[in-house]
Amino acid sequence: MPKRITPLSEVKVRTARPQKKEYKIFDGGGLFLQVTPSGGKLWYLKYRHNNKEQKLSFGPYPAISLVDARKRRDEARQQLSQGIDPGAVRKARQQAVAAEKETFEAVAREWHTAFTPSWTPRHGATILSRLNHDLIPWLGSKPIHEIKAPELLSVLRRAESRGALELAHRLRAIAGQVFRYAVATGRAERDPSGDLRGAIPPPKVKHHAAITDPKEVAPLLRALDGYQGGFVVKCALRLAPLLFVRPGELRHAEWAEINLDEAVWNIPAHKMKMKQAHIVPLCKQATGILQELQEYTGAGRYVFPSVRSHARPMSENTVNAALRLAGYEKDTMTGHGFRAMARTILDEILHVRPDYIEHQLAHAVRDPNGRAYNRTAHLEERKKMMQTWADYLDRLKAGAEVIQFKKVKM
């Protein structure tokens, strides 16, 4: 006659004390609590299936209460009555949950969350938008380790078919980062995006409209000085050709980054395209403009605050819109075009060493050993170059004859 088992009570479970060796206390129906020497309490179900004794874990007490353990036991015994192995059911469920974490969508969202803190808010939002609209709808539900190059290419072809070649290349780059993250986290063996190099035609390079002829630069500078809009925007227009930084770097300038006494603007790495801190020497003309502007916006965070809220910088379209009001259409001159203007004239007319120019443009410049130069490289020479550039622009604006300068020694 089988031994009669007295059901457990919550008090008995709670007060069970550890002993030198682990021991079991039974509740009935195969359910028992295993108490370890360290004081741990674990629920198990002992059962037989296909004439083999099996053991199924229900989890630790008190996270799993006596009532919860009995419910799980009853569910398992119901499965056994139908010829189903509850252990096999548990394993299948775990595999399904694991599979859900290994889809392209799951890995892509995990990757995006992991790297968002290192991106600017705008860049993070752009990446997420491209994932949501151009990659996840077609690849999201597929196990990432099963996705091959032809399947990824068919998704990129959708962007190519609507003429968005640049987007197609950016999507390949994003997908590649997701696949490499999957490889690093053990959910894929390789990155198939690398097999698609050359599979999509290169996009047509679009250059920002820029005025680079000194004879045309002169009236442009006079038009900027004569701008009839707001004073803050006018200052931004006047500084753009003097500093020739990227438009986003200019509009996000903060007073805390600018030292007027030392005549330098220190741009932190997170604001730069190349993610490297950058120094912009301030010529006398730029310092003068900033001193005037400081009386208007110096009490706030941004040098060029938005007209709607001083807690935000001015809009990304402000400088280009001001150029339109000054009479320059988008196919003639843009805010970004001041960089091309400076690069061309400094090289071809003022004959400044190209590496000085590239450093000041914050382009990736490397030394003979392939190492990236630091932000202070050739700083004294760049200070002289920026002042020479500003003085040259003043002569153009004043109507001085445009001549070919002898090579400037720096």
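The numbers here are math on the coordinates, done by the rules we state, and not lab data. Predicted model only: the values in this text are computed from it and were never measured. Using ideal geometry, Cβ is built from the backbone for each residue, glycine included, and neighbour counts are taken over all protein chains shown.
Do we have residue 190 as among the basic types (Lys, Arg), out of contact with any strand residue (DSSP E or B) (no Cβ under 9 Å at 6 or more places or on another chain) and not in a helix (DSSP H, G or I) here? Reasoning before the result, please.
Numbers: among the basic types (Lys, Arg): yes; out of contact with any strand residue (DSSP E or B) (no Cβ under 9 Å at 6 or more places or on another chain): yes; not in a helix (DSSP H, G or I): yes.
So residue 190 fits the description; yes.
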field: Qualifying residue in segment 60-82 (condition: in contact with a strand residue (DSSP E or B) (Cβ under 9 Å, 6 or more places away or on another chain), assigned to a strand (DSSP E or B) and free of Cβ contacts under 8 Å to residues at least 24 places away in the same chain)
entry: yes
field: Scan of segment 27-57 for residues that are buried (at least 16 other Cβ atoms within 10 Å of the Cβ) and free of Cβ contacts under 8 Å to residues at least 24 places away in the same chain, ordered by number
entry: 32, 34, 35, 42, 44
query: Within the bounds of segment 14-28, is there any residue that is closer than 22 Å to residue 84 by Cβ, hydrophobic (A, V, I, L, M, F, W, C) and in a strand (DSSP E or B)?
result: no
message: If residue 322 satisfies all but one of (1) crowded, with 19+ Cβ neighbours inside 10 Å; (2) touching a Pro at 6+ places or on another chain (Cβ under 8 Å), what's the number of the condition it fails?
response: (2)
message: Name the single residue that is farthest from the chain's Cα centre (by Cα) among those in segment 234-260 being farther than 17 Å from residue 343 by Cα and in a loop (DSSP other than H, G, I, E, B).
response: 260
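Might you check whether a residue that is of a type in the set (A, V, I, L, M) and not in a helix (DSSP H, G or I) occurs anywhere in segment 281-299?
Residues of segment 281-299 that are of a type in the set (A, V, I, L, M), as a first pass: 282, 286, 289-290, 293, 299.
In the following step, the residues that additionally are not in a helix (DSSP H, G or I) were identified as 282, 299.
Within segment 281-299, one or more residues are of a type in the set (A, V, I, L, M) and not in a helix (DSSP H, G or I).
Every residue in segment 307-331 that is within 18 Å of residue 225 (Cα to Cα) and in a loop (DSSP other than H, G, I, E, B), please. Before the answer, list the steps.
Within segment 307-331, the subset within 18 Å of residue 225 (Cα to Cα) is 318-329.
The answer is 326, 327, 328, 329.
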message: When you scan segment 200-215, do you find a residue that is surrounded by fewer than 17 Cβ atoms within 10 Å (Cβ to Cβ), in contact with an Asp or Glu (Cβ under 7 Å, 6 or more places away or on another chain), farther than 26 Å from residue 115 by Cα and not small (Gly, Ala, Ser), even just one?
response: yes
